[in-house]
Amino acid sequence: MRQRPPFLRSGAPAAAPRTQRPRHGLRAWALCGALCGGLLTLALQAPARWLSAAVDQLSQGHVQLLLPRGTVWSGSANLVLTGGQGSQDRTALPGRLDWQLRPALLGLHAELRADCCTPQPLALRLGLGLGRVRLQLDDGASQWPAGLLGGLGTPWNTVQAQGQLQIDTHALALEWAAGRLRIDGQASLQAKDISSRLSTLQPMGSYQLDLDGGDAPTLALKTLDGSLRLSGQGRWVGARLHFEGAAEAAPEREAALNNLLNIIGRRQGARSIISLG
């Protein structure tokens, strides 16, 4: 009697049929990878106009980046200051403003450069935390045309100041947290050879405004030279600035400066009292 082959003997297990591995999992991972790659490419190549739109919204239209080129991370635009939405007042910075942005842990590093105004790029860091925003500027110096302020509307559009604004910063940082503003470090603004369309006297003088940060930040205004004499002191209470100052003309220049003194403050005899906040 012939014996059956082993694979046909009674009680021997039958071979399991071969099955193909499921591929839906592999396809899902491939789709996820492609999606992530696309999002990364989009983020790296995001057009500069996205940054322009964000700046316009955050500044409520006071700062605009027009004709943007490049990307969010490396680009340029024409910087324009305006009086806000619906305002006809606007002034543009000569030339273009260039920027470089780099992501950092919970924030951004940025460099700003304008051929007219920044001998060295201005470097700043933006830090974001829970209910906190911190803007820190590296030490540096820049020089800007005073006429740029005219675009911000009242009172700058009336004064129409001309001259140069030199800004120097040292360990300057601004932090907004819980609805309060904290200022650390120092900054100095020198307004040199300032003139105005409200006076035939050109220039009227040069001035310096010093900011000293800390637990109780202060402002101090003084005259460096000129016939229009400005002085004042200010301090921050929370996020609100309170400033008291005065303007007066040298005795021999009262006629030439009388119109300006009537507009920039409240007249008290020969002086004009400037009050903010």
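Residue count for the stretch 63-97, restricted to those that are within 13 Å of A114 (Cα to Cα), among the charged types (D, E, K, R) and open to solvent by 50 Å² or more (accessible area, probe 1.4 Å): 0. Here L112, L42, L67 are screened, and the one residue that is at pLDDT below 90, among the aliphatic types (A, V, I, L, M) and not in a loop (DSSP other than H, G, I, E, B) is L42. Among the small types (G, A, S) and in a strand (DSSP E or B): is that true of A77 in this structure? Yes, satisfied. Restricted to the stretch 172-183, and to residues that are more than 17 Å from the chain's Cα centre (by Cα) and part of a strand (DSSP E or B), which residue is nearest to G213 (Cα to Cα)? Filtering first and then ranking leaves R180. Would you call L149 open to solvent by 30 Å² or more (accessible area, probe 1.4 Å), under 30 Å from G129 (Cα atoms) and under 18 Å from the mean Cα position of the chain (by Cα)? No, not satisfied. Do we have any residue at all in the stretch 189-203 that's touching a strand residue (DSSP E or B) at 6+ places or on another chain (Cβ under 8 Å), within 15 Å of W236 (Cβ to Cβ), surrounded by fewer than 18 Cβ atoms within 10 Å (Cβ to Cβ) and of a type outside the set (S, T, N, Q)? Taking every residue of the stretch 189-203 in turn, none turns out to be touching a strand residue (DSSP E or B) at 6+ places or on another chain (Cβ under 8 Å), within 15 Å of W236 (Cβ to Cβ), surrounded by fewer than 18 Cβ atoms within 10 Å (Cβ to Cβ) and of a type outside the set (S, T, N, Q).
When R132 is tested against (1) under 24 Å from L209 (Cα atoms); (2) touching a residue at least 24 places away in the same chain (Cβ under 8 Å); (3) basic (K, R), just one condition goes unmet, and that condition is (1).
The values are calculated or read from the model by the stated rules, or taken from the named source; none is laboratory data. It should be emphasised that the depicted structure is a prediction, and the values quoted were computed from it without experimental measurement. Please note: Cβ atoms are built from the backbone with ideal geometry, for glycine as well, and neighbour counts cover all protein chains shown. Areas reflect the complete protein model, heavy atoms only, side chains present, ligands, DNA and RNA absent. Shrake-Rupley method; radii C 1.70, N 1.55, O 1.52, S 1.80 Å.
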